[in-house]
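The structure appears right after this line, and notes come after that.
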Amino acid sequence: MQPKKKKTPLIVLAKISRYAICITLLTAFSLGIIIMSFNNGQVKAAQQPENKANQTSTQTIPADAWKAPAPSTIPAGKTGAMIRYGRELVMNTAKYLGPHGSVAHLSNGMNCQNCHLYAGTKLYGNDFASFMATSPKINPRSGKIISAAGRISECFQRSLAGTSPDTSKKEVQAILAYMRWVGKDVKKGQIPFGGGSERLPFMDKAANPALGKIVFMQKCKSCHGANGEGQLTADKISYTYPPLWGPHSYNDGASMFYIASLAGFVKNNMPYGATYQRPQLTNEESWNVAAFIDSQPRPHKDHHLDWTNLAKKRFDIPYGPYADSLSEKQHKYGPFKPILAAAQQKAAK
């Protein structure tokens, strides 16, 4: 056997150099991947606000916003008893005045608080903050002065698709006592922040019932039913979640049939758990859901005496005649800016 040749220092150095080059290249490659991943992460982070642009944001409530008094502060005695009964009537209207009511049969089975949430105490939930403070008032539909009792009577005729109660009887008087108490800290003529329902900014296009249906089926069906039928209570006397269309819902003379009113209510209260501070739908989704709901069949109210002064007619009244030449469809779904522009132009002449 021949003895092994000893490796010269130059050969050893060459091999070490090759190893060093390989390690350097691998290190550079790995660093490149890390840097690219880091940069991609930065890009995605930078793009995140754009991806969330269509999501709802948290709203700020002013410190002086209306706050309903606590039920525990209702006074004792006869006055307190009337207030408590009025509150009970608002919360469980059908139990007393519905189709199977213990006092009278005047309404469709819905409760006042199905639209006036938490007995009319929720911010932008059609609350009762300024109900008594703004009564009596000019009724924009009739153009005549209407009393607080008359406004309650109208709700029975329209929102509850029923008949007027006797306003001199205990039930209406109790509701008035409750309204007076719940708005006791609101000055005459004042409408505090959060009163009624929010008026959403107008879109530059018409609200889309077809798109609204998609959102409804995703977000609203679980409570209100795929056919808008609502959910009856176990005793079948009233509704836990009200019907949004069909024979037992509000009729086409109710304010909720005007989609600007319904859209604001939807934005701040639907689906369940939404509030003004933390809405779950965008403005556009709210307009579209309102359009879908109000495109569905419901009871008819004779409204041939409504809005006889066409110059005062609301922009979103879905039935004619009108002071302008725009269609019923546009008055129902929008876009509404041209309607208001036409009204302003007409008034300027």
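The values are calculated or read from the model by the stated rules, or taken from the named source; none is laboratory data. Everything numeric here is computed off the predicted structure, so don't read it as measured data. Glycine gets a Cβ as well: all are built from the backbone with ideal geometry, and neighbour counts include every protein chain shown. Just so you know, the surface numbers come from the protein's heavy atoms only, side chains and all, with ligands and any DNA or RNA stripped out. Shrake-Rupley method; radii C 1.70, N 1.55, O 1.52, S 1.80 Å.
Condition test on ILE191, is it more than 25 Å from HIS300 (Cβ to Cβ), of a type in the set (Val, Ile, Thr) and part of a helix (DSSP H, G or I)? No.
A quick yes/no check of all residues on (1) part of a helix (DSSP H, G or I); (2) within 22 Å of the chain's Cα centre (by Cα):
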residue	(1), (2)
PRO62	no, yes
PRO75	no, no
GLY86	yes, no
LEU106	no, no
GLN113	yes, yes
LYS122	no, yes
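Condition first: open to solvent by 30 Å² or more (accessible area, probe 1.4 Å), in a loop (DSSP other than H, G, I, E, B) and more than 21 Å from LYS122 (Cα to Cα). Now tell me which residues in the stretch 252-298 satisfy that. Within the stretch 252-298, SER295, GLN296, PRO297, ARG298 meet the criteria. When the stretch 299-339 is filtered for residues that are part of a helix (DSSP H, G or I) and either surrounded by 15 or more Cβ atoms within 10 Å (Cβ to Cβ) or more than 23 Å from the chain's Cα centre (by Cα) (or both), the ones remaining, listed by number, are LEU310, ALA311, LYS312, GLU328, GLN330, HIS331, LYS332, TYR333, PRO338, ILE339. The set of residues in the stretch 296-312 that are basic (Lys, Arg) and at pLDDT 95 or above comprises ARG298, LYS301. Note on the stretch 143-177: residues that are closer than 12 Å to GLY253 by Cα and part of a loop (DSSP other than H, G, I, E, B) amount to 5. Scanning the stretch 211-260 for residues that are modelled with pLDDT of 95 or more, out of contact with any Phe, Trp or Tyr (no Cβ under 7 Å at 6 or more places or on another chain) and among the charged types (D, E, K, R) yields LYS219, LYS221, GLU229, ASP252. Flag not set for SER168, criterion: free of Cβ contacts under 8 Å to residues at least 24 places away in the same chain, among the small types (Gly, Ala, Ser) and open to solvent by less than 20 Å² (accessible area, probe 1.4 Å).
If only residues of the stretch 150-196 that are closer than 14 Å to THR134 by Cα and of a type in the set (A, V, I, L, M) are counted, the one that is nearest to the chain's Cα centre (by Cα) is ILE191.
Summed over the stretch 203-241, the residues that are farther than 16 Å from PHE292 by Cα, surrounded by 20 or more Cβ atoms within 10 Å (Cβ to Cβ) and under 16 Å from the mean Cα position of the chain (by Cα) give a count of 0.
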